[in-house]
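Worksheet: one structure, shown below.
The values are calculated or read from the model by the stated rules, or taken from the named source; none is laboratory data. Since this is a predicted model, take the numbers as computed values, not measurements. Here the Cβ positions follow ideal geometry from the backbone for every residue, glycine too, while neighbour counts run over all protein chains shown. For the accessible areas, the whole protein counts, side chains as well, though only heavy atoms, and no ligand, DNA or RNA atoms are used. Shrake-Rupley method; radii C 1.70, N 1.55, O 1.52, S 1.80 Å.
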Amino acid sequence: MIIDHKLQKAEEAIKKTTQSMNPRYRLGYHIIGEGNWINDPNGLVQYKGEYHVFYQHHPYDENWGPMHWGHVKSKDLVNWEYAPIALAPGDEYDRDGCFSGSAVNNEGELTLIYTGHNYINQEEDTFYQTQNIAVSTDGVVFEKVGQNPVIAHPPEDSAHHFRDPKVWKHNNQWYMIVGNSTKDQTGRVILYRSQDLRKWEYVGVLAQSDGTLGYMWECPDFFELQGKHILLISPQGIESKGDDYNNLFQTGYFVGEYNYEKNEYVKGEFLELDHGHDFYAAQTLVDEKGRRIVIGWMDMWESEMPTKQDGWCGALTIPRELTIGENDTVFMNPVEEMIELRQTKRVELENASISDYHLAKENSSLLEIKAEFDLTDCKAESVGLTVKGVEEEEVVITYHIRDEKLSLDCSKMGKKEDGVRTTELVNDGKLTLRIFLDRSSIELFANDGVKTMTSRIYPKEERLGVMCFANKGEVKVKEFMYWKLKDIWK
Ligand code: FRU
C-alpha cells in the first residue's frame, strides 16, 4: 500500500489537538470533528451496510483553512465512529483544498466527487475550481484517480465559482449538478452527464436566480421525493426580508417537476429549509429503506464560535428525514433511529392545564423534550418552553397563538447579538414541540416537522431544567415529557 504522507501528517495533527481540548461544549450525540475545524457535510452515502458522512475539515487549526475530508461512519445513524481522514489537498488540481462534494456507490466502488480549490492569488481571493474524483473499495482508504480533474473548467459564460458537485444516477446515466455563478454574478446550478463518472458532458443550466436569490448557489442537491423534484441550494447574497433570510447565508429549496429529456425544471418559490441561526450547506442521501435523509452544517459563516477557544469548531445536525407535506412544503423530522438515544424518561405533565409555568428540574444537558398543547378555544396569548441554565441563562421557545408565529430566543444563551429567530407556524388547534438539546445546540421540530429551528447555544455546564409556560391565559397541556439522552462519544 502507498502511504499518503499528507494524510498521515493530518492524522498526527488531529491526535495532538485532541489531547488539550476543553470538553465544556463538546456535543454528545452529534457528528463533530475529533478536533479543530469542520464545516459542510459531504459525501453522504450508505455503502456496504454502513452510513458514511464526510465533512469539510481543517485538521491543523480551529479556523477554516486548506480543506480535507474528515470521515465518520455508522451502522444505525445514531452511533458514529471516526474513520481516517479521507482526502487531503495538495495535488495539482486541488492544491489549496478538497472542497465539498458527494459520494456514490459505483458498482461496489465508493466514489467521492469533490471540488479542487486552487488559488491564483490568495490575498486577492482569486482562484479556479475543478471537479475531481477519488475511489475506494473498502470505504476507508481513497485514491484520487489519474483522470483528475474530471472537469477542469466551468462553461464559458461562467464566473470562477464552480463547486460542490452532487452526483446521482438516473436511467443508467450519471448526472452531476454544480453550484455556479454567471459572469454577472447570478447564482445558478449547472448540469453535466456521464456514462463512467470520468468523462462529463455539459448539458446546461438546471436553475438560475431570477435576480432576487443571490450571486452564488453553493452546495446544490437534486432529488425526487414523492413524485416531485426538489432542488436544494445554499445561496449566498439574499437580502433579509422580515422573518426570512436573517442569517448571512441560508439553505432552502424549490419543489417542482423536472423533465430529463429537455432539462426543463418548472418550480415553485424558494423556501428556507430551517428557521434557526445555524443550518447551512445541507446535503442528502437516499438510504436502502428509501428514505431521503438530510444533514446540515450546524453553524453559520462569520458567526461567533466560542468553541474555537476550546480547540475545536463545527458540528453537523442530527440526521433528518425529508417528506413533502401540505402546500408542497418540505417537512423535516429526526430519523426514527434517534429514539435509540433515549435513556430515562420522565413525564412531567399529562392532560393538565397551565396558566403560568411548570419547571421540570433536570441538570442533564443531553435531552429530548416533547410537549403537546391543545389550542382549541385557547384564550392565552402565548405558550412555550424555556430551557433554563444557571445565572439567568435561558433559551425561550414561544408560540404566539394569535399571530401564529413561533420564535426561538437564544439571546441569553450565547447569542447576545441577533439572538431571536421567528417563523410563521399555522395551527389547527394543536401545537407539538419536539426538541433535541445537546451541550451546545438546540434543534426544534414543530408540528411534526412543518417548521424546524436549529441554533448553537453556549451555556454554562450547569442547568436548572426545562420550563413549560403559558402567558395571559390557560393552555391545555396534553403532555410534557423528556428523556435523558446517551452520549455516543463517551
Ligand atoms: C459552503 C462552502 C462550499 C465550499 C466549502 C468550503 O459552506 O463554502 O461552497 O465547497 O464550504 O469549505
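Just need the Rg to Rh number for the stretch 364-490, please, alpha carbons only, Kirkwood Rh. List each step's numbers first, then the result.
Details: Rg = 14.1 Å, Rh = 14.8 Å.
Using Cα coordinates only, the ratio equals 0.96.
Could you sort the peptides 296-304, 452-460 by per-residue average Cβ neighbour count (10 Å cutoff), highest mean leading? Before the final figure, lay out the partial values.
On the way: 296-304: 20.1, 452-460: 23.7.
The densest-packed peptide leads the list: 452-460, 296-304.
With each label modelled as a point 7 angstrom along the Cα→C-beta vector, the Thr18-Glu417 pair spans 3.5 nm.
Beta carbons within 10 angstrom, averaged per residue: use that to sort the peptides 126-133, 469-476, 94-101, highest first. Let's see the in-between values first.
Values: 126-133: 21.5, 469-476: 17.5, 94-101: 24.8.
Per-residue mean Cβ counts within 10 Å order the peptides as 94-101, 126-133, 469-476.
Of Lys183/Lys241; Lys289/Lys478; Lys48/Lys169; Lys73/Lys289; Lys370/Lys430, which ones are farther than 23 Å apart at the Cα? With Cα atoms farther than 23 Å apart: Lys183/Lys241; Lys289/Lys478. Helix 5-18 against the longest principal axis of the chain: what's the angle in degrees, Cα atoms only, rounded to the nearest 10? Compared with the principal axis, the helix lies near 20 degrees.
The length gained by stretching the chain between Asp125 and Glu156 to full extension, at 0.36 nm per residue less their Cα-Cα distance, is 9.1 nm. Among Glu393, Glu462, the order of accessible area from largest down is Glu462, Glu393, computed with a 1.4 Å probe on protein heavy atoms. Using just its DSSP H runs of length 4 or more, each adding -39500 (n - 2.57), the chain gives a mean residue ellipticity at 222 nm of -1000 deg cm²/dmol after division by all residues. Ranked by the mean number of other Cβ atoms within 10 Å of their residues, highest first, the peptides 410-421, 338-349, 106-117 fall in the order 106-117, 410-421, 338-349.
Taking all pairs of different Cα atoms in the stretch 137-202, averaging 1/r and flipping that mean, what Kirkwood radius in angstroms comes out? For the stretch 137-202, the Kirkwood estimate is 13.2 Å. A Förster radius of 56 Å combined with the Cβ-Cβ distance from Lys490 to Asp377 puts the calculated FRET efficiency at roughly 0.75. Distance cut-off 27 Å, Cα to Cα: go down the list Lys166/Lys486; Lys75/Lys228; Lys144/Lys166; Lys451/Lys490 and report the pairs above it. Distance filter (> 27 Å) returns Lys166/Lys486; Lys75/Lys228; Lys451/Lys490. On the basis of the beta-carbon distance and an R0 of 25 Å, Thr329 and Lys262 show a calculated FRET efficiency of 0.45.
Could you give the length gained on full extension between Asn63 and Lys9, defined as 0.36 nm per residue of separation minus the Cα-Cα distance, in nm? Display every interim value, and only then the final one.
Values: separation 54, 0.36 × 54 = 19.44 nm, distance 1.77 nm.
Here the segment from Asn63 to Lys9 would lengthen by 17.7 nm.
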